[in-house]
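Student: Have a look at this one.
Just so it is clear, none of the values below were taken in a lab; they were calculated from the coordinates. Given the structure is predicted, the values throughout are model-derived calculations rather than measurements. Ideal geometry is used to build each Cβ from the backbone, glycine not excepted, and the neighbour counts take in all protein chains shown.
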Amino acid sequence: MDTNVAGKKVAILLYDYFEQDEFEEPLTALKDAGVGVTVVTASDDLEVFGMHHANLGDKFQADILLRDADPDDYDGLLLPGGVVNADALRTNGEAQDWAVDFLDSGKPVAAICHAPWLLVSADAVEGRRLTSYHTLEDDILNAGGEWVNQEVVVDDNLVTSRKPDDLPAFCNAFIELLANAQALALGDDINENEGEGASTIDEKIVEDDARLRSLGYVKGRDEITFNDEREILADDDDEDPDEFHPSDVVPQDEQDGNND
């Protein structure tokens, strides 16, 4: 459990027929990090369904209806994708207000795949740099945003990703934002003690990813959690074989080698 995020509260806002992987994987990652998660639905029923692309997924029970929830109760907002889910949310005025409330207050917001549609309809992407499922590129550009084709993009308090394959990086970046939320809201240099060249969260994530790769890890391939990453990067002795895998996560390359 990461003490920087333990006890924080995040709302996962959805409608219905959301992309199930983009809901379940962040939910698990947040809970594993000690974050309290509330599932908020903008539909009229707490019973909601996931989707596996075009196929119906599992049934879930949301915790609270959007009309009964208060954004002030949460430290961050996460928006799963899914075409039907995202298209319904973008036309919901209360959901738009939620997105704007979190962004304007400096609280971390994470949106993946089609979820940035809500931000577009809320007039909240102008001047921001973000990514999404590729079919949203024109929507974002027309709304005044800068669209990039990248697995994860962090712009101030907004983190975005393109698709389910990006989920490991997406989850880690969002938890990183939560861990640094207070400094972010104050406009501080959150990494001022971490060395030159690490002046933003985005740069810090890139630096951390580079160090993980130098040690033989790839986040998605090796299924590294946020806490695994923190433990690995906290170990300063790269040459000590007894300390090389402090989180008990062994790079897939070495696992494959052990099977030869």
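Student: What nm distance separates the two modelled labels at residue 234 and residue 63, each placed 7 Å from Cα along Cα→Cβ?
Tutor: Here the answer is 2.6 nm between the modelled labels.
Student: How big is the gap, in Å, between the Cα center of the stretch 1-59 and the Cα center of the stretch 62-135?
Tutor: 13
Student: Of the listed pairs 9/107; 59/163; 59/107, which have alpha-carbon separations greater than 18 Å here? Can you show the working numbers first?
Tutor: Numbers: 9/107 11 Å; 59/163 21 Å; 59/107 29 Å.
Over 18 Å Cα-Cα: 59/163; 59/107.
Student: With a 10 Å radius around each residue's Cβ, average the other Cβ atoms per peptide and rank 149-159, 49-59, 30-40, highest first. Can you show the working numbers first?
Tutor: Numbers: 149-159: 20.9, 49-59: 13.5, 30-40: 18.8.
Taking the mean over residues of other Cβ atoms within 10 Å, the ranking is 149-159, 30-40, 49-59.
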